There are 2 protein chains.
Amino acid sequence: MTRTLALLLAAAVVPAVPATAQPAPAASAQAYAPLFGAEIDRAKRDVDASIRAGVNVPVPKDPGGGFTHEQHKRNYRTIFEGGQLYRLTGDVRYRDHVRDLLLAYAELYPKLGPHPAASNQAPGRLFWQSLNDSVFLVNAVQGYAEIRGALSAADRRRIDDQVIRPMARFLSDGSPEVIGRIHNHATWACAGVGLAGYLLGDRDLVDKALLGLDKSGKTGFLRQLDLLFSPDGYYAEGPYYQRYALQPFVVFAAAIDANEPDRKIFDYRNGIVLKAVRTAIDVTHDGYFIPVNDAMRDKSLRTEELYHAVAIAYGATKDPAFLSIADWQGRTVLTPAGEAVAADLAANKAKPWPFVSRLLGDGPDGKQGAFVLLRTKTDPSGPLLVAKNSVQGMGHGHFDRLNWLYYDETGPVVTDYGAARFLNVEAKRGGRYLPENDSWASATIAHNTLVVDEQSHFAGDWKVGEKFQTRQLAATLDGPTRYSIAEVDSAYKDVKFRRALLMLEVEGLANPIMLDILRATGSGRHRYDLPLHFSGHIIDSDIAFDRKLAERPVLGKANGYQHLWVDGEGTKAGKARLTWMQGSRFYSYHMAPPAGARFILAESGANDPEFNLRREPALIQRIDGADDATFVSLLEPHGEYDASAETTVASSTRVTALEHRREGAVELALITLVDGRRIAVAIADDVAAGTKHSVMIDGRPLAWTGPVGRFDLARTGAKK
Amino acid sequence: MTRTLALLLAAAVVPAVPATAQPAPAASAQAYAPLFGAEIDRAKRDVDASIRAGVNVPVPKDPGGGFTHEQHKRNYRTIFEGGQLYRLTGDVRYRDHVRDLLLAYAELYPKLGPHPAASNQAPGRLFWQSLNDSVFLVNAVQGYAEIRGALSAADRRRIDDQVIRPMARFLSDGSPEVIGRIHNHATWACAGVGLAGYLLGDRDLVDKALLGLDKSGKTGFLRQLDLLFSPDGYYAEGPYYQRYALQPFVVFAAAIDANEPDRKIFDYRNGIVLKAVRTAIDVTHDGYFIPVNDAMRDKSLRTEELYHAVAIAYGATKDPAFLSIADWQGRTVLTPAGEAVAADLAANKAKPWPFVSRLLGDGPDGKQGAFVLLRTKTDPSGPLLVAKNSVQGMGHGHFDRLNWLYYDETGPVVTDYGAARFLNVEAKRGGRYLPENDSWASATIAHNTLVVDEQSHFAGDWKVGEKFQTRQLAATLDGPTRYSIAEVDSAYKDVKFRRALLMLEVEGLANPIMLDILRATGSGRHRYDLPLHFSGHIIDSDIAFDRKLAERPVLGKANGYQHLWVDGEGTKAGKARLTWMQGSRFYSYHMAPPAGARFILAESGANDPEFNLRREPALIQRIDGADDATFVSLLEPHGEYDASAETTVASSTRVTALEHRREGAVELALITLVDGRRIAVAIADDVAAGTKHSVMIDGRPLAWTGPVGRFDLARTGAKK
C-alpha cells in the first residue's frame, strides 16, 4: 500500500498522489462549487472549534445521548473532517489535531473493557453498543488515512497499534457474535475492519471482513451482499434500516473497488450495491423514508448515510438524477466524490429523480414477498400507496403482513406508527427502543392490517415470523388501475387472508381512489379487526357512534389493545363513512364490511406511564364470530381548503355507494359516484395472468383476462 | 366624477386617464416584474375559466362553504379581476364577462329577501351574513369601475340602479344595525357603501359611509378609525380580526385619498391607517398571526387583506421594509399599487422588516391595557413572548386577561387554542363558530392565566368584560431583562391579580428564559388554577404523577373544565419540573407554586360529541383554600436534537433551583444554574419608575430603582 485509503476511495474521481508527500494547499474555498464550499466551511467551523476546545477523550460512561457518548461521536467526526481538511488545505493544524486526538485514544483504548452502560445489545468499548464502535472505526480510518503518511513513524506506529488495529481486532475476532451475523451491525463491523485492513496493509483483516472470521465466505461482507438485499436492492429490515445500512456498504464497496479493482465490486450480484442506493431513494415520500418496522418518522434523505451513498453512486454511474437528490439534500460529503457532485450540480447537470411505481421483491431470491409502491406521479410528494407484503425483517420487523399506507401532497394519510423511541434523548431510556415499541408499535393492531382474535401475527414472535414468507400474487404498476394482490397463510393458525389494494384513477376526480378488498378465510369462529390509522382531524361520519364523552375506557388487555383509548363504538347498515381533513384536503373512508360489523373509534396513548406514545387516531372495523369475512374499503381524497384565500371546494364526498358481492370465485366491488357513474372492480381468486373470467352486472356479462377486471359503467349501459 | 375609481385609487402611482376612453392594451406580461406578471397570469386563468364556464349567478341558498356561497365569492373575485385585466390588456372579453355577470346580478338582486341560511348574524341577501355582502360590494365596485366607462348607457344604468345602488342602500339605510356599529362588519359595510358612492357620484352614500347614517360622525368610517384602533394601531378584537379589518380600512382610505385628497386621510389621527398596517405585521410570528381571541391558527400574512394593505402602505410610504413582506407573501394585488410593489421588489429595493419588541396600548386612548410583544431578535421566527394585557375585544374576545404565549424557532411553544371553528367547512356547522368556541376556546381555563374557583373571568360574560380595562403597569422592551407588569382587579369579585412576565437573556444560555411571577390577592378562600398550554411531546418530569392509565376521567363540570381529560395528578415538594420536546428543542417548565400545590396533567377533547376540538396538552398548577397566592414559573428552552445528524446536546435542564420569597413589598425569585451561578429577580409592588428599593440576599443588600431589579450572582459574591 503506497496510497492513502481516502485517495484510493476516490480513485475514480481524482488522480492518486503519493500520500507521504505533503499535500499541496488547495485553492481557496471560492474555487469550489457552492455545495462543496459550504461543506468545507462547515467542517472548518467544527474542527476549528474542536481545536480551540482541545482534545477531550473522556472515559466512556454514558448511554446514547449522554455526554461521553456524544463526545466520542464528535471526536470521530472531527477525525474524519480534520483528515479531509488536511488533504484539501494542507494546513498542519488539522493534521496535528487529528493526530493528537488519535494519540489520546491510543492512551485510552487499550485500557477499556465492556462499556458500563451496556444493555441488551452487544457492548462496545467506547459506546454502549459495539455498533457505535464500528461507526467510529469507519470514520476514524477515513480521517486517519489522510494524515498517516505525514506523521512520524513513532506516532504512526502508536496509532496503528493502539487504536486502529485493536479496534479492528475487537470488532472482528473479539466480537464473533456481531461480525458473524447477517445483519447491519455486522456490515458496519466489516466495513470498519476492512477499511482498517486496507489502511494497515493487513490482508488478514481484509479477508475476515470480506469472507467472515473463518474466511469461508459463509459470513462477511460478500455474504451480506448476497443475503441482506433482495435482487431489487430492498433491505430486509425495511427503508429505515436500508438507509442506515447503506453507508458501510457503499463506503466499503468504494474502498474495495479502489484497492482491489479486479473484484469489480460494483458489478457484484448484478450491481447490487448501486441497486440498493436507488431503491433507498425510491422508498421515500417527499424525501422521508416510509417508516415501516422500527423506524423514526423524521428520518429523511438528509442524512450522513445518504450523502455518502449519493456521492459514491454518482461517482460510479454519473446518472444526473442523483444530482437532484443531492440538491434536495443541500449537503454532500467532504470527499473527492462529494466535490464532483457539487461541481456537476453547479453546472446544472441535475435531472429529476424518476419516482415510479415499483414492486421490490423481498428475500435473497426476491420471492419471499414484496414491498410494493404504487405512484401516479413522478413528483416525490405525489400520491403513493404502499403495500407491505414483505418478509418479517428480523428483530426490527413489525407484525404487519399485508399492511398498507397512503401518502400524498398533504403528507402521510394512512399511517404507520413507526418505532416507539426517542433517538438520542437520554431521558427516554437513553434513547433506546422503549417498552412500548414491543407492546404497541410492533403489534398488529398498531397497523392497517387484519387482526384475528386480538392476537398479533405469529403470536408476536418475530423468530417464528422469520420462517414464513408472504405471497405476492399479482401486481400491475401502470395505467389507471394499478394494484397489488398478496396473501399470507401463516400469520394465524386457523386463518389465511388475501388482500387486493388498488389505486384507481377515475376521469373527473382530481385524486386517485384507493380500493381495498381484504378476504379472510378461517376455520372456527373468530373476531376479525381491521384497523385504519390515519392522520387528520375528524370532520364527520354517517356512523351513529356511542361516544365515550366523559370517561374514556381502554379497548383491550394485551397485544397493543391496552394502548387504545376508545372514543366511540357504533354500527351502520350498508356503506359507512368517516371523513377527516389534513392540510388542504379532505379524506373520506368508505366501508362495506361484513354484515353485523361494528366500528370503533380509538386513539393511541392508554397505559403509557412515561408518556412514550404519540396520540393518534384509528378506526377499527370489527366482526365477531365469523369464519370467512371480506372487508371492502375505499379511501377517497377530495376537495381543497385554502386558508389564505378562504375558499373550500368539494368538501363532500363524490362516492355515494360502495357495494360488495361474491360471485362464484370472484370478489366484486361496485363504486357509485355522485354523478351516477359506477365503477365495477372484480378480483378473481385465480390470479393467473392468462385466465379468462366474467361476471354478470346489471344483467349483462362483463369479461376480462387475469386477476383484475375493471368496468367503468355510465349511468346507462357500460363501457370497458 | 370623470375618472374611474380604480384609477383614482391608484392616483399616487400612475397618471389618471379618462375612463371613457378605451384603455390601451398594455405591454405583454413579460414587461411586468415577476410578482405582478404572476398575478396577471393567475387572474387570466381564473377569469378565462369563468368565461368558459359561463355566467353562473345562483339563487342564494347555502351557508359558508356551500355551493352558492362559494359561487358568489368566485363571482366577486371574477368581477374584480376581470375589471383589472380589462384595464391592463384592453381585451373586451374581460369587459364583456364582467358586464354579463353584473347584469345577471341586476336580474337577481332586486328579487332577494333575507338569506335562507341566515343564523345569529345579521342576514345578507347573497350570503348568510351581510358581512359577505359587504365584501362582495367592495370587490364588485373595484372591478366594475374599470369597465363602467366602456359600457352602453343602458347597461351602465341597469348595473348602477339594480346592483350597486341597491346593495349600497341595503348595506346602509337597509342595515342600520350593522353599519351603525363600531365593529369590523360595519367597516366593510362603510367601505362598500363609500366606494359605491364615489363611483356613482352619490354624495349621500359617501357621507353616510364616512359619518354614519345620520351624518353626525357618531358612527361611520371616521369614527371607526377613532375607536377601533388604539393610538398604536392595535385593533381591539386582536390580530386575527385586525388582519380581517384591514382591507376595508386601507382600500376605502386609498379611495378617500384619491377622491378627496384634502381630507389627508393617511394623516388622520396621526397616520392611524398606516400604523394599523405596521402593527398588523408586528403581531405575527413567522408570518402567522398570534391567535388570541377568536382566531384561526392557520392565518398568515399570506392573505388577500394583507396583499392589499402592503401594496397600499408601500404606495403611501415607499418604506422598503414592506417589500420584504411582499416577498414573503409571494403575492401582490392586481392594482397599480401592486404593480409598483412588484417592480421595486424586482429592483432589489427590499429591506428586512424590523421585528422589535412593542408595547401596543389598547383602547381608543391607548390606556385600557396593552398587547405586549417582547422579542430578542429581529428574525420573524425568533423568540417572542406575548403578554395579552389588552381589553376584552368585544364578542370575539376571550376571557384571558394577563394571558401569555411564547414562540420561537420551533413554532408556538406556549400556545393559545384560538377559535373552535373550521372556517368554510360546511360539515362543521356551515363553517361557523362551533358550540365549543364558547364552552372551551374562549373559557379562561383554555388559556395560560389565572382561574379562580373554576370560573371564567367576568363569569364568562363579554359584555361585562367590555366595561373593565386591564392595567398595564410597567414594561421594558430592550436589554437583557425585558418585562411587562400588568394587573386586573375586575375579572373576579373577590380576587385581583398581578403578573410580571420577564424575558431574561443569560450569559452562556443560547435561548432567553421566561420568568413568570403571578400574585393573586383575594378575600375569602379560593381555588386557584394556573394552566399552561404547551406544544410538544412530554419527555419527563420530576413530579410523581398518579397516572390515569386505563380510564380517563374529566376534570370538571363546566366553564371549559368539562373538556379536559385528566392524564394524571401529582405533588412535589420544592421546585417541580416538566420537560417536553418540540422539533429540535427541549423545553423545561420549572414551577415554584405556593406550598401545598398540586399539578394536573390534562388534554383537551373531552365532552366533544362532534370531534370539534383539537387534542392538546396542558399542565395546571392548583392550590385550594387560599386567599393570597403567588405562582413563580420559569420556561427554559434548551438543547438541540438533530434528526439528520443523530446528535443531541443539552437535553437536560441547566436550571437546578427556582425559589420564591416575599420580602416586604417585593416579590423575589431566585434562579440557580447548573454551574452554580444565580440570578435574583426582584419585583416591587410599587411600580413607579423612580422609586428606590432594596432586598437582602446572602446577607448583603442589593438595591435598584424602578419596579424590577435583576442581580446576576456569581458562585461567590454578586455583581450587578
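Extending 7 Å from the Cα toward the beta-carbon at both B:Thr317 and A:Leu112 defines two label points whose distance is 5.9 nm.
Please state the relative contact order of the range B:592-687 as a whole percent: Cα pairs under 8 Å, 6+ residues apart? Intermediate results must be reported in sequence, preceding the final value.
On the way: 135 pairs, mean separation 17.6, N = 96.
Contact order relative to length: 18 percent.
Relative to the globular-protein estimate of 2.2 N^0.38 Å, the Cα radius of gyration of the range B:94-182 stands at 1.11. Here, the range B:201-249 has an Rg and a Dmax of 12.2, 35 Å when only alpha carbons are counted.
With respect to chain A, whose longest principal axis is taken over its alpha-carbon atoms, helix A:239-259 is tilted by about 40°.
Report, in listed order, any pair from B:Lys215/B:Lys467; A:Lys377/A:Lys575; A:Lys111/A:Lys215; A:Lys275/A:Lys351 with a Cα-Cα distance greater than 23 Å.
Values: B:Lys215/B:Lys467 27 Å; A:Lys377/A:Lys575 30 Å; A:Lys111/A:Lys215 29 Å; A:Lys275/A:Lys351 18 Å.
Exceeds cut-off: B:Lys215/B:Lys467; A:Lys377/A:Lys575; A:Lys111/A:Lys215.
Reported to the nearest whole Å, the Cα centre-to-centre distance from the range B:146-207 to the range B:510-556 is 53.
Inter-copy label distances at B:Asp226, using a point 7 Å along Cα-to-Cβ, come to 9.3 nm with the shortest given first. Size check on the range A:662-720: the Cα extents along the three principal axes, sorted descending, read 35, 17, 15 Å.
Mind putting a number on the dipole of the protein assembly as shown about its Cα centre? Charges go on the C-beta only, +1 for Lys and Arg and -1 for Asp and Glu, and I need it in Debye to the nearest 20. Write down the numbers at each step before the final one.
Numbers: 168 positive and 172 negative charges, 146 e Å.
So the magnitude is around 700 debye.
Per-residue ellipticity at 222 nm, computed for chain B from helices alone with -39500 (n - 2.57) per DSSP H run of at least four residues, works out to -9000 deg cm²/dmol. Seen through its C-alpha gyration tensor, with square-root eigenvalues sorted a ≥ b ≥ c, the range A:572-720 comes out oblate because a/c lies at 1.5 or above while a/b is not bigger than b/c. Using the Cβ of A:Asp685 as centre and a radius below 15 Å, the other residues enclosed give a net charge of +2, where K and R count +1 and D and E count -1.
Charges were assigned to the Cβ only: +1 to each Lys and Arg, -1 to each Asp and Glu. The resulting dipole of the range A:582-672 about its Cα centre is roughly 140 debye.
Need one word for the range A:468-583: rounded, prolate or oblate. Basis is the Cα gyration tensor (sqrt eigenvalues a ≥ b ≥ c); a/c below 1.5 gives rounded, then a/b vs b/c decides. Oblate, since a/c reaches 1.5 and b/c is not below a/b. Pair-distance distribution of the protein assembly as shown: all C-alpha pairs, bin width 20 Å, starting at 0; shares per bin in whole percent are 9, 31, 37, 20, 2, 0.
Once both labels are positioned 7 Å from their Cα atoms along Cα-to-Cβ, the gap between A:Ser523 and A:Asp628 label points is 1.6 nm.
Just need the relative contact order of the range A:186-284 here, percent rounded to a whole number, with Cα pairs under 8 Å and 6+ apart. Write out the running numbers ahead of the final one.
Details: 126 pairs, mean separation 25.0, N = 99.
Rounded, it is 25 percent for the range A:186-284.
Sorted from greatest to least, the principal axis extents spanned by the alpha carbons of the range B:549-591 come out as 34, 30, 25 Å. Here the calculated FRET efficiency for B:Leu477 and B:Ala573, from their Cβ-Cβ distance with R0 = 45 Å, stands at 0.75, rounded to the nearest 0.05. For the rotational copies A and B, the chain A residue with its Cβ nearest the relating axis, together with that separation in Å, is A:Arg552, 2.
Taking R0 as 56 Å, what FRET efficiency do you get between A:Ala645 and A:Lys496 from their Cβ-Cβ distance, rounded to the nearest 0.05? Spell out each step's value before the answer.
Values: r = 51 Å, r/R0 = 0.90.
Computed FRET efficiency for A:Ala645 and A:Lys496: 0.65.
Between identical copies, the spacing of A:Lys493 label points, each set 7 Å from Cα toward the C-beta atom, reads 6.9 nm from nearest to farthest.
Is the C-alpha gyration tensor of the range A:172-228 telling us rounded, prolate or oblate? Criteria: a/c under 1.5 is rounded; beyond that, a/b larger than b/c is prolate, otherwise oblate.
Details: a/c = 1.60, a/b = 1.52, b/c = 1.06.
Because a/c hits 1.5 or more and a/b exceeds b/c, the range A:172-228 counts as prolate.
Charges were assigned to the Cβ only: +1 to each Lys and Arg, -1 to each Asp and Glu. The resulting dipole of chain B about its Cα centre is roughly 760 debye. Compute log10 of I(q)/I(0) for chain A with the Debye formula, placing one identical point scatterer on every Cα and leaving out solvent, at q = 0.06, 0.07, 0.09 Å⁻¹, to two decimals. These q points yield log10 I(q)/I(0) values of -0.39, -0.53, -0.83.
Cross-link partners for A:Lys367 among the aspartates and glutamates, with Cα-Cα distance under 17 Å and sequence neighbours closer than 8 places in the same chain left out: A:Asp226, A:Asp232, A:Glu237, A:Glu466, A:Glu487, A:Asp489. Considering only B:His660, B:Ala280, B:Trp328, whose Cα is most displaced toward the positive end of the charge dipole of chain B, charges sitting on Cβ of Lys, Arg (+1) and Asp, Glu (-1)? Selected residue: B:Ala280. Taking the alpha-carbon distance from B:Lys349 and a cut-off under 18 Å, which lysines remain once sequence neighbours fewer than 8 residues away in the same chain are dropped? Within the straight-line cut-off, B:Lys349 pairs with B:Lys318. Using only the alpha-carbon atoms, how far is helix A:184-200 inclined from the longest principal axis of chain A? Give it as 0 to 90 degrees, nearest 10. Rounded to the nearest ten degrees, it is 20. Dipole orientation for the protein assembly as shown: of the candidates B:Thr68, A:Val310, A:Pro637, A:Val310 has the Cα lying most toward the positive pole (charges on Cβ; Lys, Arg +1; Asp, Glu -1). Within 10 Å of the Cβ of each residue in A:590-600, the mean number of Cβ atoms contributed by other protein chains is 0.
Counts of other chain beta carbons within 10 angstrom of each beta carbon in peptide A:638-648 average 6. Cα axis of helix A:34-53 to longest principal axis of chain A: angle in degrees, 0 to 90, nearest 10? Taking the Cα atoms of chain A, the angle to A:34-53 is about 60 degrees.
Normalising the average separation of contacting C-alpha pairs (under 8 angstrom, six or more residues apart) by the number of residues puts the relative contact order of chain B at 8 percent. Inter-copy label distances for A:Pro114: 8.2 nm (label point placed 7 Å from Cα along Cα→Cβ; shortest first). Rg/Rh, computed from the Cα trace of the range A:329-462 with Rh as the Kirkwood radius, has the value 1.07. Figure legend: label point modelled 7 angstrom from the Cα of B:Thr656 along Cα→Cβ; residues of the range B:671-703 with amide N under 11 Å from it are B:672-678.
Readers should treat all values here as calculations from the given coordinates under stated rules, not as data from a laboratory. This is a predicted model, so every value here is computed, not measured. Neighbour counts are summed over all protein chains in view; Cβ atoms, including those assigned to glycine, are modelled from backbone coordinates with ideal geometry.
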